[in-house]
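Structure, as structure tokens:
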Amino acid sequence: MALRMTQEDPKPILAKQVNSVRSLAQRSLANYAKMDIADSKEVYLFSKDQFCGVRFTLGAFWAEWRIDQLVFTVHRGAHKLETVDVNLNATNRAA
């Protein structure tokens, strides 16, 4: 699900990817935080004026996805809790 460069305008493809990751991240965070998804927040990440990812937060939990990554990781503070495959193929929970 990493951004694929084609002759097409990449904006619609990227928007679909962000929406897909948002849905997955919000569900994962709500599961850990035991809070409503509507309370989640997101921050768009930029590097040198180029969009490069999104950070989602809910309560004390956060997840960050970079557009060049096929996974995002859920954290509580500095503790890694879960790595989620954005292709929905696998989920690996930390021990």
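Among the residues of the stretch 59-76, how many are more than 24 Å from SER47 (Cβ to Cβ) and among the small types (Gly, Ala, Ser)?
The qualifying residues number 2.
So how many residues does the stretch 24-74 have that are in contact with a helix residue (DSSP H, G or I) (Cβ under 9 Å, 6 or more places away or on another chain), part of a helix (DSSP H, G or I) and under 16 Å from ASN87 (Cα atoms)?
2
Please find, within the stretch 42-87, the residue that is surrounded by the most Cβ atoms within 10 Å (Cβ to Cβ) out of those that are in contact (Cβ under 8 Å) with a residue 24 or more places away in the chain and among the aromatic types (Phe, Trp, Tyr).
Selected residue: TRP65.
The numbers here are math on the coordinates, done by the rules we state, and not lab data. Since the structure is predicted, the reported quantities are computational estimates derived from the model, not experimental observations. Glycine also receives a Cβ, built like all others from the backbone with ideal geometry; neighbour counts cover every protein chain displayed.
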